[in-house]
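Asker: Got a structure for you, written out below as structure tokens; questions coming shortly.
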Amino acid sequence: MIGDGIADRARKAFAEGRRLVAPLMGFPGIELTGSNIKVAQQNYGEHFKILKRLADRFSPDIIFPLMDLSIEANAMGRYTIFPRRDSATVPRDCFLLEEIDRFRDINISFDSRVLGYVETQKLMHIGLPPHILKAAYVTGPYTVAALIMGSQEAAVATIGNRSDLGLLCEVATGKILQYVRLLAAAGADGIVVLEPSAAMLGPAQFEEFSAAYVKAITAACRHNGVDTILHICGNTTHLVRSMAGSGVSGISLDSSEAGVDIEAVAASLPEDVVVIGNVNPTTTMLRGRPEDVRMEVRKLLDSMERHPNFVLSTGCDLPQETPLANIEAFMEAGREERRPAERKGRCEGRQVQEAYPE
Amino acid sequence: MDIFEGIITAIGKGDAPSVAALTRDALAKGIPAEDILNKGYLAGMNIVGRLFKANEIFIPEVLIAAQAMKAGMAILKPILAASKVKSAGKIVIGTVQGDLHDIGKNIVSMLLEGAGFEVIDLGCDVSKQKFVETVEKESPDILGMSALLTTTMTYMRDIIQCLESAGVRKAVKVIVGGAPVTQTYADEIAADGYARDAASAVELVRSLVAP
């Protein structure tokens, strides 16, 4: 990592009266290049082109690549679908426990798609401005296990077949670590662990089948001087303590409509864990107007005023169709000067302007 | 412990073999199938639903409970059909095109079946055409759509528009659900209802088919 990590940058920004602004916005970049998801997720040059356009246009404080939950499971030999207009997916397929031994023998560091994403990361490191933190995604251990075993089967296994599920999570973590080491070496400033399947677990299940393994990932990242962020979509209110306790630098949270009160979460956690989120990616960013975006961003920033460890972002990945004008509104509102005295003066000034229009 | 309490407990524990065994016992004792359904399965799932809403149990526990109930339904269903017990209503359900997530949809299907509904589960990655054709063919009371991705939930709007074009929109109530779906989105696409979770989905379906 060049310079400070995310926590230090967030605090520095706060001290300067501003916030880090970093929407999860890989897919809308496709609209800037005329490409499509299938090409972008398999051609690292196209992928980088998209991220470069996003960086040039919006200059976020952190840039995230296109989300792709299929990488690790695909590298382990699981059947994967590559739609033209949607992200690659790993559908439910036959899985036998005996396959776990075969998974152990596969070193995914040599997988062509893994290497493609590593190349994207290298291009991000050398081709994007140094002031933008470059993040990489990996799929979380429980989610990889759920993709391999079947999400329903994995959920049931958290109660009825814990040892086999634990074994699969352990093997998945080994693969994820192979990928993490390559990404760190390629220049990633942060690794975002995507664990969407874990949202349905209870706290004890989450500790046993996700957090316990995420800790190994965060330790590896720390060893490589790289931040980690844990992102789980959906209502994770019941999991935030465990998420924060898994050694991550930050947790990324879904929107208030998903059930997350981000201010309450921030108030309940130590300040050394960065809290990231949580403008609604669909109702507001996809289907709202720019003024709706500005309103939600300002309201969120107001509510998080007393938390130096907050990074403004979206609650989840933005869909490709997100209007670019909405992303612009998000960035502008996020970058408005936030010092309390100046903000009060600006509000009063606005009231005067409205009362006495020129 | 009476037999209904036994079924309720077994469902709560996700003990499918016990639910099946107790169901056979109950039938052998001459207890009507409808009573087993209402006082055993539905009562058990109602408790599960309450505990889930209170965040005391989570999806894995709900799943095993629903699977245990399903084990009993496999025995009860033919008997209910033979005794011409009227179904509570008919629902067609599926996860939209491009989306392979189905846990929530599967739990809803199991709960609705346990609640006495006839459920036609189309699975996942269901095309617009398939939804519309099935509605035309089956004339369900409810069409339920699930999506777990922001990129696929937009198909819900398309499907409702296809139902309009096919002239069947007014004949069916449409409900939607899934992680990125919200009440606001449901209102925007003119769905008839939105359910945040599986237990709410059952209540919603009951309210929509109530006379």
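Asker: Out of (1) surrounded by 21 or more Cβ atoms within 10 Å (Cβ to Cβ); (2) at pLDDT below 95, what's the single condition that is false for A:GLY259?
Answerer: Looking at each condition in turn, A:GLY259 falls short on (1).
Asker: With respect to the numbered conditions (1) within 14 Å of chain B (Cβ to nearest Cβ); (2) basic (Lys, Arg); (3) crowded, with 22+ Cβ neighbours inside 10 Å, which one is the sole condition not fulfilled by A:ARG162?
Answerer: Among (1) within 14 Å of chain B (Cβ to nearest Cβ); (2) basic (Lys, Arg); (3) crowded, with 22+ Cβ neighbours inside 10 Å, the lone unmet condition for A:ARG162 is (3).
Asker: Here is a follow-up. When the residues of the stretch A:297-328 are filtered to those that are under 20 Å from the mean Cα position of the chain (by Cα) and acidic (Asp, Glu), which remaining residue is farthest from the other protein chains (Cβ to nearest Cβ)?
Answerer: By that ranking, first place goes to A:GLU328.
Asker: With respect to A:LEU183, is the statement that it is within 14 Å of chain B (Cβ to nearest Cβ) and buried (at least 21 other Cβ atoms within 10 Å of the Cβ) true?
Answerer: Taking the combined requirement at face value, the residue does not satisfy it.
Asker: If I go through the stretch B:153-168 residue by residue, how many of them are away from chain A (no Cβ under 11 Å) and either in a loop (DSSP other than H, G, I, E, B) or buried (at least 17 other Cβ atoms within 10 Å of the Cβ) (or both)?
Answerer: Of the residues in the stretch B:153-168, 8 are away from chain A (no Cβ under 11 Å) and either in a loop (DSSP other than H, G, I, E, B) or buried (at least 17 other Cβ atoms within 10 Å of the Cβ) (or both).
Asker: Answer yes or no: is there a residue in the stretch A:121-130 that is in contact with an Asp or Glu (Cβ under 7 Å, 6 or more places away or on another chain) and either under 23 Å from A:ILE251 (Cα atoms) or touching a residue at least 24 places away in the same chain (Cβ under 8 Å) (or both).
Answerer: no
Asker: A further question on this structure: When you go through B:GLU164, B:GLU113 one by one, which is the residue that is among the acidic types (Asp, Glu) and in contact with a strand residue (DSSP E or B) (Cβ under 9 Å, 6 or more places away or on another chain)?
Answerer: Selected residue: B:GLU113, the only one of B:GLU164, B:GLU113 that is among the acidic types (Asp, Glu) and in contact with a strand residue (DSSP E or B) (Cβ under 9 Å, 6 or more places away or on another chain).
Asker: Next question, about the same structure. Of everything in the stretch A:236-253, what is more than 20 Å from A:ALA219 (Cα to Cα) and under 15 Å from the mean Cα position of the chain (by Cα)? Give them in sequence order.
Answerer: Answer for the stretch A:236-253, where residues must be more than 20 Å from A:ALA219 (Cα to Cα) and under 15 Å from the mean Cα position of the chain (by Cα): A:THR236, A:LEU253.
Asker: Just wondering, is there one or more residues in the stretch B:18-35 that are more than 14 Å from every other protein chain (Cβ to nearest Cβ), touching a residue at least 60 places away in the same chain (Cβ under 8 Å), farther than 30 Å from A:SER87 by Cβ and in contact with a Leu (Cβ under 9 Å, 6 or more places away or on another chain)?
Answerer: So far as the stretch B:18-35 goes, no, none of its residues is more than 14 Å from every other protein chain (Cβ to nearest Cβ), touching a residue at least 60 places away in the same chain (Cβ under 8 Å), farther than 30 Å from A:SER87 by Cβ and in contact with a Leu (Cβ under 9 Å, 6 or more places away or on another chain).
Asker: Those residues that are crowded, with 20+ Cβ neighbours inside 10 Å and small (Gly, Ala, Ser), I need them from the stretch A:22-71; list them, please.
Answerer: A:ALA22, A:GLY26, A:GLY29, A:ALA40, A:SER70
Asker: Spot the failing condition for A:ALA220; the list is (1) in contact (Cβ under 8 Å) with a residue 40 or more places away in the chain; (2) within 10 Å of chain B (Cβ to nearest Cβ), and only one is missed.
Answerer: All conditions pass for A:ALA220, except number (2).
Asker: Another question about this same structure. Tally the residues that are of a type in the set (A, V, I, L, M), closer than 19 Å to A:GLN152 by Cβ and in contact (Cβ under 8 Å) with a residue 40 or more places away in the chain, restricting the search to the stretch B:97-141.
Answerer: Final tally of qualifying residues: 6.
Asker: Another question, if that's okay. Can you confirm whether B:PRO180 is of a type outside the set (D, E, K, R), out of contact with any Pro (no Cβ under 9 Å at 6 or more places or on another chain), in a loop (DSSP other than H, G, I, E, B) and within 27 Å of B:VAL48 (Cβ to Cβ)?
Answerer: Against the criterion (of a type outside the set (D, E, K, R), out of contact with any Pro (no Cβ under 9 Å at 6 or more places or on another chain), in a loop (DSSP other than H, G, I, E, B) and within 27 Å of B:VAL48 (Cβ to Cβ)), B:PRO180 does not qualify.
Per-residue answers, yes or no, for (1) aromatic (Phe, Trp, Tyr); (2) more than 14 Å from chain B (Cβ to nearest Cβ):
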residue	(1), (2)
A:ASP61	no, yes
A:SER70	no, no
A:SER87	no, no
A:VAL90	no, no
A:PHE103	yes, yes
A:GLN121	no, yes
A:LEU128	no, yes
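Asker: Hey, among the residues in the stretch A:186-208 that are more than 17 Å from A:ALA73 (Cβ to Cβ) and modelled with pLDDT under 95, which one's surrounded by the most Cβ atoms within 10 Å (Cβ to Cβ)?
Answerer: A:MET200
Asker: Same structure again: So which residues in the stretch B:28-44 are of a type outside the set (A, V, I, L, M, F, W, C) and not in a loop (DSSP other than H, G, I, E, B)?
Answerer: Selection gives B:GLU34, B:ASP35, B:ASN38, B:LYS39, B:GLY40, B:TYR41, B:GLY44.
Asker: Looking only at the stretch A:274-305, which residues are of a type in the set (Val, Ile, Thr), in contact with a helix residue (DSSP H, G or I) (Cβ under 6 Å, 6 or more places away or on another chain) and in contact (Cβ under 8 Å) with a residue 60 or more places away in the chain?
Answerer: A:VAL274, A:VAL279
Asker: For A:SER242, which of the numbered conditions (1) at pLDDT 95 or above; (2) out of contact with any Pro (no Cβ under 8 Å at 6 or more places or on another chain); (3) among the polar types (S, T, N, Q) fails to hold?
Answerer: Of the numbered conditions (1) at pLDDT 95 or above; (2) out of contact with any Pro (no Cβ under 8 Å at 6 or more places or on another chain); (3) among the polar types (S, T, N, Q), the odd one out for A:SER242 is (2).
Asker: Still on this structure, please answer the following. Just need a number here: residues in the stretch A:130-157 that are within 14 Å of another protein chain (Cβ to nearest Cβ) and among the β-branched types (Val, Ile, Thr).
Answerer: The number of residues fulfilling the criteria is 3.
Asker: If you take the residues of the stretch A:278-295 that are more than 18 Å from A:PRO28 (Cα to Cα) and away from chain B (no Cβ under 14 Å), which of them is farthest from the chain's Cα centre (by Cα)?
Answerer: Here the answer is A:GLU291.
Asker: Just to be sure before I move on: is B:THR150 of a type outside the set (D, E, K, R), at negative phi and either surrounded by fewer than 16 Cβ atoms within 10 Å (Cβ to Cβ) or within 11 Å of chain A (Cβ to nearest Cβ) (or both) in the structure I sent?
Answerer: Taking the combined requirement at face value, the residue satisfies it.
Asker: Which one of the conditions (1) crowded, with 23+ Cβ neighbours inside 10 Å; (2) not in a helix (DSSP H, G or I) does B:VAL19 fail to meet, given that it meets all the rest?
Answerer: Against the list (1) crowded, with 23+ Cβ neighbours inside 10 Å; (2) not in a helix (DSSP H, G or I), B:VAL19 comes up short only on (2).
Asker: Kindly check whether there is at least one residue in the stretch A:72-82 that is within 14 Å of chain B (Cβ to nearest Cβ), crowded, with 22+ Cβ neighbours inside 10 Å and closer than 22 Å to A:SER252 by Cβ.
Answerer: Yes, that holds for at least one residue.
Asker: What residue, of B:ALA171, B:ALA179, B:ALA210, is at pLDDT 90 or above and either away from every other protein chain (no Cβ under 13 Å) or surrounded by 19 or more Cβ atoms within 10 Å (Cβ to Cβ) (or both)?
Answerer: Only one candidate qualifies: B:ALA171.
The values are calculated or read from the model by the stated rules, or taken from the named source; none is laboratory data. As the structure is a prediction and not an experimental result, all values here were calculated from the model. For neighbour counting, all protein chains shown are included, and Cβ atoms are generated from backbone atoms with ideal geometry for every residue, glycine included.
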